[in-house]
Every structure is written in C-alpha cells, then in structure tokens.
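Contents: one structure, followed by commentary.
The values are calculated or read from the model by the stated rules, or taken from the named source; none is laboratory data. Computed from a predicted model, the values in this text were never measured in an experiment. So basically every Cβ, Gly included, is an ideal-geometry build from the backbone, and we count neighbours across all protein chains shown. Areas reflect the complete protein model, heavy atoms only, side chains present, ligands, DNA and RNA absent. Shrake-Rupley method; radii C 1.70, N 1.55, O 1.52, S 1.80 Å.
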Amino acid sequence: MTVALTAGPTADGLLLRPFEDGDAPALIEIYRDETLRRFTSVPVDDPAEAVRWLDVQYRGRAEGTRYSFAVLDGDELVANVVLKRGTPGGETAEVGYWTAAAARGRGVAPRAVQALTDWAFAAFAGDGLVRIDLLHQVDNLASCRVAEKSGYALAEVIPAYPPYPRDGHRHSRNRLDRSERSRSE
C-alpha cells in the first residue's frame, strides 16, 4: 500500500522537515562530536560522506523504508529523527535519532521522537503499523531517558550484535498505547 505523506511530523517549538542538500555543512559539523560518533555507525567527516549520508535518506524515502527528518530549532539543525521500516506495510518499525551536542539537555530528542511516533502511527495505521521500537546500547543512558520520556517502555535487553559492541535495550510503543491512555484520563 502506498501512503500519501502530505504532512510531516510536528513538535512544539521545532520544525521537522525532510533533509536537503543544503544540510551537508551542518551534518559535517555535528558529526565532529565524539559522543555522537560513539553511538552512530556511519561517519560524516567530509562533503563526500555527507552526500552519501543524504543519499541514503533520499533513497529510503523513495523506497518507503526510511523517513528521516531534519529537526530545526529556528534555522539551526539540532537533531535527526528517522522512522525505519524494513518492510513497507509491515507491523513494526524502528525509530532512531541523534541530537547535536549544542542541543542536548533541551528536550529536543523527546519532542522529536514523540512527534515522529505520533505522525508514523497516523500516517501508517492503515498500512498495518502497530509497533515502533527504539533500540540503544545499554551504556547509552541518555537514550534510555529519551525512550522513557517519549512513552517507549523497556521491552527487553538484547545481546550485542554487529556493528554494536554491547548489549542493548529494546523499548517499544504500540499504536493503541496512546488511545488507551487517552480513554483512561
């Protein structure tokens, strides 16, 4: 099933939009951060790597397997949030994200993840999406906090699997979680 994506996710005080070629210089600068590099698997050190990274985002969107959004605070690129659908039309997807060093501690990641989650469940409910997972290494405590703040419950500890050298956490949100919470409030 082809999904019409006329509107993207929205977050309080942030703009979420598809990445553009003009984001390459900001990506290179953001990826200089050692913390970000520690928890991501694809480096972006120069213009050629930025072009390759952006091409992955563009191809994924065209194929319906990856919906990546630049998160802006004003005109500044402060984060990335992405919905990964290994199987378009499948019941599960994964959310991923990173936050630029200068934007950490400002609630950017939880707002962006929540916005993407709400958007994904609305956009893909008719396409069969019922669960979204958020995965991170066990030593990434900040990601654990983001998952919790975004309503993703810890589902299990998963063993290390290349390219990740440490065990991880799988946090999950089900499409019905939000509607069930709304009815009980």
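For the stretch 17-112, which trypsin sites (Lys or Arg not before Pro) pass both filters: DSSP loop (anything but H, G, I, E, B) and at most 15 other C-beta atoms within 10 Å?
Counting only loop positions with at most 15 other Cβ atoms within 10 Å, the trypsin sites (Lys or Arg not before Pro) in the stretch 17-112 are R32, R106.
Quote the relative contact order of the stretch 1-109 in percent (integer), defining contacts as alpha-carbon pairs under 8 Å separated by 6+ residues.
24 percent
Below 8 Å, C-alpha to C-alpha, sequence gap of six or more: please give me the relative contact order for the stretch 110-166 in percent.
39 percent
From the convex hull of the Cα coordinates of the stretch 84-185, what is the mean projected area in square nanometres?
Taking a quarter of the hull surface, the average projection is 7.2 nm².
For the stretch 45-137, just say rounded, prolate or oblate: build the C-alpha gyration tensor, square-root its eigenvalues into a ≥ b ≥ c, call rounded for a/c under 1.5, and beyond that prolate if a/b exceeds b/c, oblate if not.
oblate
Go ahead and set up a Gaussian network model of the chain, Cα springs under 10 Å, then flag whichever of D23, D133, D75 fluctuates most.
Highest fluctuation among the options: D75.
Using a simple charge model, +1 on the beta-carbon of Lys and Arg, -1 on the beta-carbon of Asp and Glu, nothing else, what dipole does the chain show about its Cα centre, in debye to the nearest 20?
In debye, rounded to 20, the chain gives about 520.
For the stretch 1-93, restrict the atom set to alpha-carbon positions and state the Rg and Dmax in Å.
Values for the stretch 1-93 (Cα only, Rg and Dmax): 13.8, 40 Å.
Once the Cβ-Cβ distance between E29 and L176 is put in as r, and R0 is 35 Å, what FRET efficiency do you end up with, to the nearest 0.05?
0.30
Across the stretch 111-125, in residue order, what do the Karplus-derived ³J(HN,Hα) couplings come to in whole Hz, using 6.51 cos²θ - 1.76 cosθ + 1.60 with θ = phi - 60° and x for Gly and Pro?
5, 5, 5, 4, 4, 5, 4, 4, 4, 4, 5, 6, 5, 10, 4
As an exercise, use a Förster radius of 30 Å and the Cβ-Cβ distance of E156 and D21 to find the FRET efficiency, rounded to the nearest 0.05.
For R0 = 30 Å, the calculated efficiency reads 0.15.
Let me check against my output: what whole-number percent is the relative contact order of the chain, with C-alpha pairs under 8 Å and at least 6 apart?
So the answer I get is 18 percent.
Suppose each label sits 7 Å from its Cα in the direction of the beta carbon; what would the D46-L141 distance come out to in nanometres?
About 3.8 nm, to one decimal.
Please get the size of the charge dipole for the stretch 79-161, origin at its Cα centre, with Cβ charges of +1 on Lys and Arg and -1 on Asp and Glu, quoted in debye to the nearest 20.
About 360 debye.
Using a 1.4 Å probe on the protein heavy atoms, what percent of the accessible area of the chain belongs to carbon and sulfur?
So the carbon and sulfur contribution to the accessible surface is 52 percent.
Could you state the orientation-averaged shadow area of the convex hull built on the Cα atoms of the chain, in nm² to one decimal?
One quarter of the hull surface, i.e. the mean projection, equals 10.7 nm².
Could you provide, to the nearest whole Å², the per residue accessible area of the chain with probe 1.4 Å?
I get 53 Å² per residue for the chain.
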